[in-house]
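See below for the structure under consideration.
The values are calculated or read from the model by the stated rules, or taken from the named source; none is laboratory data. All figures in this text were calculated on a predicted structure; none of them were measured in a lab. Here the Cβ positions follow ideal geometry from the backbone for every residue, glycine too, while neighbour counts run over all protein chains shown. The area values use the complete protein model at the heavy-atom level, side chains included, leaving out ligands, DNA and RNA. Shrake-Rupley method; radii C 1.70, N 1.55, O 1.52, S 1.80 Å.
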Amino acid sequence: MSVRTTPAADHVEDVSPGRGTLPPRSWYASSDAASLSLNGRWRFWLSATADAEDDSFAEPGYDAKGWAEVTVPGHWVLQGHGAPVYTNHLYPFPVDPPHVPTENPTGDHLHVFDLPADWPADGEAVLRFDGVESCARVWLNGTELGEFKGSRLPHEFTVGGLLKTVGNVLAVRVHQWSAGSYLEDQDQWWLPGIFRDVTVLHRPRGAAGDFFVHASYDHVTDAGTLCVDSEVAGRVTVPELGVDIATGEPVTVPVEPWTAETPRLYDGVLATPGERVPLRIGFRTVALEDGLIKVNGTPVLFKGVNRHEWHPERGRALDLATMREDVLLMKRHNVNAVRTSHYPPHPAFLDLCDEYGLWVIDECDLETHGFVEQSWRDNPVDDDRWTPALLDRAARMVERDKNHPSVVIWSLGNEAGTGRGLTAMAEWIRGRDGSRLLHYEGDIDCRDTDVYSRMYAFHDEVERIGRGLDGGTLKRRELPFVLCEYAHAMGNGPGGLADYQRLFESYDRLQGGFVWEWIDHGIAHPELGFAYGGDFGEELHDGNFVCDGLVFPDRRPSPGLVEFKKVIEPVRIEGDGAGGTVRVTNRHDFADLSALAFAWSYQVDGETVDAGPLPVPVLAPGESAEVKLPEPGPAPAGAETGWTVRALLAEATAWGPEGHVVAWGQVPVTGRVASSVAASERPAVSGGLVRLGPASFDARTGALRTVGGVDVTGLRLDVWRAPTDNDNGAPWQPDARYGLLWRELGLHRMRHRLDAVDLTDEALTVRTRVAPAAVDLGLRTVYRWTSDGCRLKLTVSVTPEGDWAVPLPRLGIRFGLAGADEVSWFGGGPGEAYPDTRMASTIGRWRSTVDDLQTPYVRPQENGARADVRWAELGGLRVEGDPAFWFSARRWTSEQLDAAGHLTDLVPGDTVWVNLDHGQMGIGSQSCGPGALPQYHLRAEPATFSFVFEANG
Ligand code: GAL
């Protein structure tokens with residue numbers, strides 16, 4: 001017997017975009033027409049398959065009392081129904097397009113609503129869905145309206161004739177999997193649900209339909225030309241410009257242009273016979289000229305981030321406050337561009353980009369990455385049957401977002417291979433909107449695009465591209481270059497940002513890049529802190545690869561963002577102290593320095609002793625000036641002195657308070673002189689202990705026991721760090737997976753062989769060999785202790801033996817202290833730093849608790865080192881280094897940190913473990929990019945370094 005599948009299930013596997021929806025049009029948040037938000041609590045019923053239930057739930061009068069409730073917008077899997085699934089590029093179902101599994105979680109949603117009392121009786125109404133994953137079938141008052149796919153795109157239905165004053169029943173059936181899922185294989189959680197707003201919009205007779213605001217800027221004449229094409233004719237007014245024109249009629253007037261740095265918007269109104277729609281008009285012209293992306297005639301440098309929509313509790317259902325928080329955080333960290341990876345964002349986000357000023361690459365909701373597993377065979381983008389769906393997605397993006405000045409580039413999608421469907425999208429977009437450029441990274445020859453775009457290209461290749469030595473098609477060689485993704489911000493990192501920035505600033509063709517990515521997609525979890533892939537029992541998953549952002553899931557900036565802010569600062573402040581001047585360079589593309597005030601401060605041994613304002617000329621973009629600093633005040637002999645110069649917001653702006661630090665630089669004056677300790681004290685043995693100055697040692701092992709009454713445990717050489725995600729690297733770069741290579745070599749289980757404890761008149765010398773089992777390489781390590789009576793000096797000499805083919809994770813000493821809590825130090829701070837992530841580390845005096853020294857990477861790993869530390873005080877001890885050292889302290893060992901899978905696995909003990917490192921391995925970004933550059937490698941080489949200990953207080 002053969003059973004026909006129900007029509008309910010048929011549309012799920014239909015490759016067409018849907019039926020019943022209105023043609024796409026420009027999105028706008030408000031007008032004087034009535035609207036009704038249907039966001040709120042909805043009735044919800046989850047079925048395990050697409051056809052488990054018939055359609056009777058959509059009938060008026062259906063009794064849904066036994067149903068659960070969910071919040072719309074939202075994802076049901078984050079509201080206690082089913083579970084989220086994380087895969088990077090693998091489809092979590094068998095690949096057999098357009099078929100989806102029989103197990104297809106299906107959420108029936110019901111919402112009963114009344115119209116407001118003043119809802120106009122005449123005219124039409126539309127029902128708008130701003131985003132539903134992955135497809136929806138919709139009924140109103142028992143009448144089926146249609147169905148649609150395209151999760152992060154708007155869909156509207158006409159509903160006027162169906163609406164009642166009270167008791168409207170809206171029924172929406174949402175399937176987790178549909179043919180559309182094959183086009184939505186982005187690296188993120190699979191999160192079904194009605195996750196963006198649902199609204200009923202009144203459409204009065206003569207309401208505005210679609211309209212296209214064309215607002216260009218001529219940088220030669222400083223004139224803006226405005227023309228609003230409108231489906232429904234009307235008038236356009238811009239009072240500030242004295243503009244009052246008919247739709248379709250161009251007008252040219254003097255204007256101030258819109259740029260991301262100077263986001264000048266003019267308020268206008270489009271008035272059709274039935275509706276007044278507020279417009280926010282930004283005049284700007286985007287062009288590809290002389291092989292460069294120019295806005296208003298000037299090449300731009302993208303200092304960008306890739307932004308997925310994310311909230312740790314609500315997934316991709318973002319409210320306006322969260323969107324604004326993203327924009328404010330970006331602006332305050334000098335970010336000037338966003339790629340909306342990998343789908344058009346909530347439309348309100350683009351309003352914010354217009355208002356606060358961010359360049360936007362708006363990307364279509366398209367990724368078919370999982371087909372790479374079968375060498376792209378059957379890829380929908382190269383199969384004409386899918387082309388209508390692709391064109392529908394392109395049109396829904398362009399029509400919705402075309403009136404945003406912030407959108408300067410359209411992107412066809414991400415990691416979808418190549419094919420005719422992409423070309424069709426490109427042709428359609430060009431035909432509809434010739435005022436923006438086209439991007440698609442997968443188009444390696446740039447057949448359809450205007451920008452040569454790559455992801456994760458290494459520094460040396462980027463330099464070749466900058467020099468024009470990379471070859472490629474004739475067309476590509478003439479195009480500008482952007483890194484649409486680089487600097488993979490997974491866990492500790494990314495390293496090497498400054499090295500990229502130097503390249504971007506050196507070669508015109510390199511127009512910057514977009515860090516991958518903005519936010520960690522960790523899910524708030526009662527037992528785990530933040531959950532990642534695998535934490536919900538997924539059968540296939542990619543672990544914490546979903547946590548690779550510059551901000552933590554709760555939007556606290558990670559050290560990576562602080563570093564990025566410094567690296568991309570729009571004002572460069574530098575100098576070597578010679579001549580008493582500092583060099584200030586305006587690195588904006590458009591803005592002069594008039595919004596900034598400058599301030600100097602003078603430090604003696606890290607303490608600020610004097611400060612004042614610094615007059616700096618109003619430099620145009622690209623200009624520099626040598627600015628005279630005041631005469632430095634007197635400082636004690638041997639003191640380390642230097643200037644710190646800051647560029648601050650002179651007045652509050654829309655995105656930052658007055659005094660907000662935009663850029664800074666430090667200029668050393670006199671260098672540091674490390675303390676010298678005369679070896680005047682003689683070690684003495686008594687009662688099983690060696691006494692030397694303030695310290696006691698175990699006489700048999702030479703192990704340090706106390707310094708000035710403070711107990712010290714387990715002081716010894718340490719080379720292990722809990723591998724970072726970048727240390728662990730990616731499978732496609734087996735030689736750079738240092739975390740794995742270190743572990744294979746046994747650096748996490750070093751043995752410390754005691755060879756000799758020597759006492760002389762002036763020193764206690766402990767000779768050891770530190771090495772892992774099973775191999776013949778090792779580190780001869782000599783600890784030489786001397787004292788001048790009150791201070792204790794340790795000099796560590798390390799001589800590698802054998803063939804060290806890998807760099808070391810770290811090289812230094814570690815020891816345990818009881819009862820340490822407050823830490824203060826003179827050196828780099830306030831945040832963590834590593835050899836290739838140290839630009840933001842500011843030399844000064846800093847204080848912290850041990851707990852606050854920790855960086856809460858979602859998957860615990862090495863973190864929290866402070867760079868260039870001259871001295872540190874904690875737990876009653878003061879330690880000074882010669883040379884300066886890397887300092888870390890934590891309430892667990894590196895081994896415990898290494899073993900932890902989530903933050904909640906880290907249980908503080910009574911001992912604080914302190915690492916004083918002579919060297920740290922660079923960080924790199926090889927979790928999906930280049931490793932630490934050679935100059936940041938910590939090679940196993942002979943090394944000598946020393947520390948002076950004394951009791952403090
Ligand atoms: C890229 C991709 C992103 C993300 C990243 C790694 O290939 O476009 O979506 O997966 O790699 O985190």
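Local charge sum around His918 (other residues, Cβ-Cβ under 13 Å, Lys/Arg +1, Asp/Glu -1)?
Details: positive: Arg810, Arg814, Arg939; negative: Asp718, Asp868, Asp882, Asp917, Glu941.
With Lys, Arg at +1 and Asp, Glu at -1, the net is -2.
Residues of the chain: accessible area per residue at 1.4 Å, in Å²? If you can, show how the numbers build up before the last one.
On the way: 34290 Å² over 953 residues.
It amounts to 36 Å² per residue over the chain.
Starting from the Kirkwood radius over alpha-carbon pairs of the range 121-231, derive D by Stokes-Einstein at 10 °C in a medium of 1.306 mPa s and give it in µm² s⁻¹.
Values: Rh = 16.7 Å.
D, rounded to a whole number, is 95 µm²/s.
For the range 425-562, what is the per residue volume of the convex hull drawn over the alpha-carbon atoms, in cubic angstrom? Write down the numbers at each step before the final one.
Values: hull volume 21.8 nm³, N = 138.
Hull volume normalised by residue count: 158 Å³.
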So Val618 and Ser16, fully extended at 0.36 nm per residue minus their Cα-Cα distance, gain in nm 211.0 nm
For the chain, longest principal axis from Cα atoms; helix 497-506 axis from its Cα atoms; angle between them, nearest 10 degrees, is 70 degrees
So the angle from the long Cα axis of helix 420-432 to the longest Cα principal axis of the chain, reported in degrees to the nearest 10, equals 70 degrees
For the range 60-191, averaging the sequence separation of alpha carbon pairs under 8 Å that lie six or more residues apart and dividing by its residue count, the contact order in percent is 35 percent
The alpha-carbon center of the range 22-75 and that of the range 871-903 are separated, in whole Å, by 53 Å
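Can you bin the chain into rounded, prolate or oblate? Criterion: square roots of the alpha carbon gyration tensor eigenvalues sorted a ≥ b ≥ c, rounded for a/c under 1.5, prolate for a/b above b/c, oblate for the rest.
Details: a/c = 2.28, a/b = 1.65, b/c = 1.39.
Prolate.
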Note to self: C-alpha centroids of the range 813-829 and the range 316-388 sit apart, in Å, by 43 Å
Measuring from the longest principal axis of the C-alpha atoms of the chain, the long axis of helix 347-356 (C-alpha) lies at a number of degrees, nearest 10, equal to 60 degrees
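What is the antiparallel percent of DSSP beta bridges lying wholly in the chain, to the nearest 5? Provide the component values of the computation, followed by the final result.
On the way: 210 of 236 bridges.
Percent antiparallel among DSSP bridges in the chain is about 90.
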Shape call for the range 246-369, from the Cα gyration tensor axes a ≥ b ≥ c (a/c under 1.5 means rounded, otherwise prolate when a/b beats b/c, else oblate), comes out oblate
Gyration tensor on Cα atoms of the range 642-748, a ≥ b ≥ c root eigenvalues, a/c under 1.5 rounded, else prolate if a/b beats b/c, else oblate, says oblate
For the range 642-741, the accessible surface attributable to carbon and sulfur atoms (probe 1.4 angstrom, ligands and nucleic acids excluded) amounts in percent to 52 percent
Burial-style ranking of 389-397, 568-576, 604-612, 34-42, average other-beta-carbon count within 10 Å with highest first, yields 389-397, 568-576, 34-42, 604-612
Taking Cα pairs closer than 8 Å and at least 6 residues apart, the relative contact order of the range 802-953 in percent is 31 percent
For the range 1-93, listing GluC sites (Glu not before Pro) in a DSSP loop whose Cβ sees at most 16 other Cβ atoms within 10 Å gives Glu53
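Tell me the relative contact order for the chain as a rounded percent, counting alpha carbon contacts under 8 Å between residues six or more apart.
Working: 2539 pairs, mean separation 84.0, N = 953.
Averaging sequence separation for qualifying contacts and normalising by length gives 9 percent for the chain.
Tell me the mean residue ellipticity at 222 nm calculated for the chain from its helices only (DSSP H runs of n ≥ 4, each -39500 (n - 2.57), averaged over every residue, nearest 500). List each step's numbers first, then the result.
Values: 12 runs with 105 residues, N = 953.
It comes out at -3000 deg cm²/dmol, rounded to the nearest 500.
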Rounded to whole angstrom, the alpha-carbon centroid of the range 218-245 lies from that of the range 621-669 at a distance of 43 Å
Counting lysine pairs in the chain that sit 8 or more positions apart or on different chains, with Cα atoms under 28 Å apart, gives 20
